[in-house]
1. From the list 162, 174, pick out the single residue that is crowded, with 19+ Cβ neighbours inside 10 Å and under 15 Å from the mean Cα position of the chain (by Cα).
2. For the range 50-92, how many residues are touching a strand residue (DSSP E or B) at 6+ places or on another chain (Cβ under 7 Å) and farther than 19 Å from residue 27 by Cβ?
3. For the range 1-82, list the strands (runs of 3 or more DSSP E) that sit wholly inside it and hold at least 1 residues that are under 28 Å from residue 191 (Cβ atoms) and modelled with pLDDT of 90 or more; which are they?
4. If you check residue 200 against the conditions, is it out of contact with any helix residue (DSSP H, G or I) (no Cβ under 8 Å at 6 or more places or on another chain), free of Cβ contacts under 8 Å to residues at least 60 places away in the same chain and surrounded by fewer than 16 Cβ atoms within 10 Å (Cβ to Cβ)?
5. Consider residue 113 against the criteria (1) surrounded by fewer than 17 Cβ atoms within 10 Å (Cβ to Cβ); (2) closer than 30 Å to residue 190 by Cα: it satisfies all of them except one. Which criterion is unmet?
6. Using the structure shown, decide if residue 104 is surrounded by 15 or more Cβ atoms within 10 Å (Cβ to Cβ) and assigned to a loop (DSSP other than H, G, I, E, B).
7. Just one of (1) buried (at least 18 other Cβ atoms within 10 Å of the Cβ); (2) in a helix (DSSP H, G or I) trips up residue 194, so point out which.
8. Any idea which of 174, 162 is within 14 Å of residue 125 (Cβ to Cβ) and at pLDDT 95 or above?
């Protein structure tokens with residue numbers, strides 16, 4: 001595997017259609033609907049403040065689309081930086097290669113400046129992927145947790161984030177109702193084994209009991225996504241840089 005070169009594109013207009021299609025090809029490994037995936041990508045890019053591409057030569061092997069703002073949260077008594085990680089996807093051939101962490105780090109730098117590891121930050125994303133959920137464990141506090149109640153103030157904060165994602169309904173376990181309705185009922189058993197399953201842990205249990213359903217030995221997409229929220233105190237990410 002060659003060393004990755006990461007570059008920044010700030011506007012949708014700066015990405016030609018062939019690169020958009022390259023991004024679509026990555027995402028359809030996880031969400032198998034080419035037309036819908038392209039629509040999702042373009043919509044998120046329109047609202048993004050940073051778009052980072054991980055390139056292996058001229059081939060996109062991962063990308064990050066994110067935005068941010070500052071607001072009150074349940075985690076601190078003053079407004080803090082809140083990052084909406086709209087999309088973060090890797091080519092299946094490049095999973096577990098460290099590219100995801102590179103993309104996250106450079107996205108944070110784009111949004112919060114070079115001293116971002118010294119700042120308080122809340123990050124949120126919607127996902128069905130237990131690998132992404134586990135990735136959030138690097139934060140000091142992470143919600144939701146499998147079989148654990150989510151504090152009321154965090155639930156209220158989660159509900160306030162829905163307009164930023166274009167969603168309408170969330171339950172007490174931070175399950176966004178119908179966020180991926182068009183994938184509801186699809187058999188994900190093969191995709192789960194290939195791209196979602198890494199080890200049986202609480203993050204897989206979280207997804208299997210919310211974003212997916214187990215029926216007769218098969219894994220079926222529920223059409224719901226989980227809103228993962230992480231809070232990091234200053235200096236928390238120094239060890240990851």
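1. Criteria check complete, one pass: 174.
2. 12
3. 50-56, 59-73
4. Numbers: out of contact with any helix residue (DSSP H, G or I) (no Cβ under 8 Å at 6 or more places or on another chain): yes; free of Cβ contacts under 8 Å to residues at least 60 places away in the same chain: yes; surrounded by fewer than 16 Cβ atoms within 10 Å (Cβ to Cβ): yes.
In short, yes.
5. Going through the list (1) surrounded by fewer than 17 Cβ atoms within 10 Å (Cβ to Cβ); (2) closer than 30 Å to residue 190 by Cα, residue 113 breaks only (2).
6. It is false that residue 104 is surrounded by 15 or more Cβ atoms within 10 Å (Cβ to Cβ) and assigned to a loop (DSSP other than H, G, I, E, B).
7. (1)
8. From the options 174, 162, the qualifying one is 174.
The values are calculated or read from the model by the stated rules, or taken from the named source; none is laboratory data. This structure is a prediction, so every number in the text was calculated from the model and none was measured. FYI the Cβ positions are ideal-geometry reconstructions off the backbone, even for glycines, and counts take in every protein chain you see.
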